[in-house]
Amino acid sequence: MNLTQLEAEIFSLPLQDRAALAQRLLLSLEDVSESEFEQLWGDESVRRLAEFDAGKVKSISGKAVAEKARALLR
């Protein structure tokens, strides 16, 4: 299973299950050293920028993200 397939499965989970998984994943990062953490985020930012530059993803304004987050919390 690749990352795209895994993401599709994860996003099909109910909200509470996704939240629990997110919490477990975040807690697992506490075992990562500061330099490893910085390297991981550096790699991720390069990947995201490449996807944006290639037109695979589009940007979303901070305002739109905040509005969606508020709607989800209602």
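Summary table
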read-out: Members of region 59-68 that are surrounded by fewer than 10 Cβ atoms within 10 Å (Cβ to Cβ) and either out of contact with any Phe, Trp or Tyr (no Cβ under 8 Å at 6 or more places or on another chain) or touching a residue at least 40 places away in the same chain (Cβ under 8 Å) (or both); value: Ile60, Ser61, Gly62, Lys63
read-out: Residues satisfying the stated conditions in region 20-56, i.e. surrounded by 11 or more Cβ atoms within 10 Å (Cβ to Cβ) and under 25 Å from Leu72 (Cα atoms); value: Ala20, Leu21, Ala22, Arg48
read-out: Near pairs, Cβ below 9 angstrom, 6+ apart or cross-chain, from region 20-47 (closer than 26 Å to Lys58 by Cα) to any residue that is at pLDDT below 90; value: Phe37/Leu29; Leu40/Leu29; Leu40/Val32
read-out: Verdict on Gln16 being modelled with pLDDT of 90 or more, assigned to a helix (DSSP H, G or I) and within 14 Å of the chain's Cα centre (by Cα); value: no
read-out: Residues satisfying the stated conditions in region 23-61, i.e. in a helix (DSSP H, G or I), small (Gly, Ala, Ser) and at pLDDT below 95; value: Ser28, Ser35
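The values are calculated or read from the model by the stated rules, or taken from the named source; none is laboratory data. Keep in mind the model is a prediction, meaning the values are calculated, not measured. Neighbour counts are summed over all protein chains in view; Cβ atoms, including those assigned to glycine, are modelled from backbone coordinates with ideal geometry.
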